[in-house]
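Notes to accompany the following structure.
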Amino acid sequence: MHVSYIARFLHLPLLLLLLVVIGCRTETSERFDERKQSVRQGENTRKQKRGNEQYNKSFHKSHAKNRKAPSDAPNRDFGSSSATGRVPKKAFDVLAHVRQYDRAPEGYVGGRRFGNFEQHLPRQDTEGRRIEYREWDVNPRERGRNRGTERLVTGSDGRAWYTDDHYNSFIQLK
């Protein structure tokens with residue numbers, strides 16, 4: 001009688017153990033699926049970034065034909081702010097905001113890296129350090145409208161440049 005009593009209840013701990021194992025396995029597989037999905041999304045993001053970089057490089061190469069050949073001089077003259085008649089006040093306003101707050105004014109697009117692929121701007125500062133550039137829109141963003149061709153480009157050396165023809169030519173601002 002004693003054996004049958006134990007046998008009768010022996011299946012309960014085994015059943016409980018089985019349920020725990022199945023439950024853990026389901027939870028683990030759900031976490032695995034979530035992780036797998038986030039890895040896929042990360043791969044897609046990297047592929048998209050790579051694709052955008054490829055597009056940007058090909059875009060700049062295809063437009064380089066229409067641009068002037070760069071000079072080897074690191075600090076060549078690209079124009080000066082003495083030609084301020086050609087530079088609108090709004091460009092100086094955006095530049096003042098960028099220099100003060102290190103971000104685009106509210107409602108403007110800006111702060112992205114500018115590659116200087118055509119090397120229209122100096123590559124190095126006076127001490128030979130590589131200059132990093134960022135671009136800023138001169139006009140506020142309007143939904144459903146093209147951003148136009150006017151841009152402001154700021155360099156890590158403190159200089160700023162204005163273009164009204166989408167990077168074909170630049171005027172240095174002071």
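Ranking of Thr149, Thr163 by neighbouring Cβ atoms within 10 Å, starting from the fewest: Thr149, Thr163. Counting neighbouring beta carbons within 10 Å and listing from fewest to most, the residues His166, His97, His120 come out as His166, His97, His120. Distance between the 7 Å Cα→Cβ label points at Lys90 and Glu142: 0.8 nm. Exposure proxy shown here: for Glu132, Glu142, the number of other Cβ atoms within 10 Å sets the order, fewest to most, as Glu142, Glu132. Principal axis extents of the C-alpha atoms in region 81-173 (largest first, rounded to whole Å): 42, 26, 24.
A short reminder: the numbers here are calculations on the coordinates, not readings from a lab. On a predicted model such as this, the values are computed, not experimentally measured, just so you know. No Cβ is skipped: glycine too gets one built from the backbone with ideal geometry, and neighbour counts run over all protein chains shown.
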